[in-house]
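Here is the structure we will look at, set down as structure tokens.
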Amino acid sequence: MPDISRRAAWGAGAGLLVGAMTRPARAQQIAAATTPKFRVQPLSFNPEKINGLSAKAITAHHDDHYAAAVNRLNALSEQLAKLDFAETPASTISELKREQHSVYNSTILHELYFESLGEAPTRPSGVFAEALARDFGSLDRWRAEFAATGKALAGGSGWVILAYAPRDRRLFNHCCADDGMAPAGGVPLLALDMDKHAYTSDYGVEVGKYVDSFMPTIRWTTPERLYREAIRV
């Protein structure tokens, strides 16, 4: 065989070999997409020692509602990782991504809610206390706004969130109607769950009493720590 023919044949064979190697590699790359794994975070306090909320209510809230959100988030993550997005109907992608967003928010806010509950009364301190006074006028003014926002969600669901906005370099109280909403660009520091599962077993429809019982239990070391981390970014 002439040299040029040998070179051509070798080149063609090499091309087929490379193509054969490339196709499985691409398939392997798609299949190897990282799937995040989320874990139910344990309570960091003794639920028997939280004033105003029963241990039964706290445990059910954590073990049933929050844990279910974490499990659903893991299931959605696995389902999305296996999708061929080029072939999947747009309506299916939209539904899955919207639910993922909502459930992801739910896990984050529930973890923050439980981290916001303390066994003993505390008060804000340091630069965080200064920020509350600067942005709300006083701690009492912040407290009045936060509590009133929670009571305004009576009979529905949602969250009240104290968040730091890096863009504006200040604190805000946000009212979220459901898990699918969150302060864009904000860093949540404190969260109050206003969904009925958080309070009806203890307070029935008396939302005001639930909110008033939550306020003295706030473990201020949590939002203070998160605030210090946020302002360093």
Does region 115-134 hold any residues that are part of a loop (DSSP other than H, G, I, E, B) and either among the aliphatic types (A, V, I, L, M) or surrounded by 14 or more Cβ atoms within 10 Å (Cβ to Cβ) (or both), and which are they? SER116, GLY118, GLU119, ALA120, THR122, PRO124
Looking at region 69-95, which of its residues are under 11 Å from THR107 (Cβ atoms) and out of contact with any helix residue (DSSP H, G or I) (no Cβ under 9 Å at 6 or more places or on another chain)? ASN71, ASN74
Of everything in region 207-233, what is outside any helix (DSSP H, G or I), charged (D, E, K, R) and either at pLDDT 95 or above or closer than 12 Å to PRO188 by Cα (or both)? Give them in sequence order. ARG219
Filter result for ILE161 (in contact with a Pro (Cβ under 6 Å, 6 or more places away or on another chain) and either within 21 Å of HIS61 (Cβ to Cβ) or at pLDDT 95 or above (or both)): yes
Looking at region 97-136, which of its residues are farther than 18 Å from CYS175 by Cα and of a type in the set (Gly, Ala, Ser)? GLY118, ALA120, SER125, GLY126, ALA129, ALA131, ALA133
Just the residues that are free of Cβ contacts under 8 Å to residues at least 40 places away in the same chain, closer than 24 Å to GLU229 by Cα and of a type in the set (A, V, I, L, M, F, W, C), please, taken from region 130-171. LEU132, ALA133, PHE136, LEU139, TRP142, VAL160, ALA163, ALA165
Which ones in region 144-170 are assigned to a helix (DSSP H, G or I) and of a type in the set (S, T, N, Q)? THR149
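For PHE45, are the conditions met, namely being surrounded by 14 or more Cβ atoms within 10 Å (Cβ to Cβ), touching an Asp or Glu at 6+ places or on another chain (Cβ under 6 Å) and under 19 Å from LEU190 (Cβ atoms)? Don't jump to the end; show me each part of the working.
Details: surrounded by 14 or more Cβ atoms within 10 Å (Cβ to Cβ): yes; touching an Asp or Glu at 6+ places or on another chain (Cβ under 6 Å): yes; under 19 Å from LEU190 (Cβ atoms): yes.
For PHE45, the condition - surrounded by 14 or more Cβ atoms within 10 Å (Cβ to Cβ), touching an Asp or Glu at 6+ places or on another chain (Cβ under 6 Å) and under 19 Å from LEU190 (Cβ atoms) - is met.
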So for region 38-47 (the condition being among the basic types (Lys, Arg) and modelled with pLDDT of 95 or more), does at least one residue qualify? yes
Unmet criterion (only one of (1) surrounded by 21 or more Cβ atoms within 10 Å (Cβ to Cβ); (2) over 20 Å from LEU73 (Cα atoms)) for GLY186: (1)
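The values are calculated or read from the model by the stated rules, or taken from the named source; none is laboratory data. These figures come from a predicted structure and were not determined experimentally. Note that each Cβ is placed from the backbone with ideal geometry, even for glycine, and that neighbours are counted across all protein chains shown.
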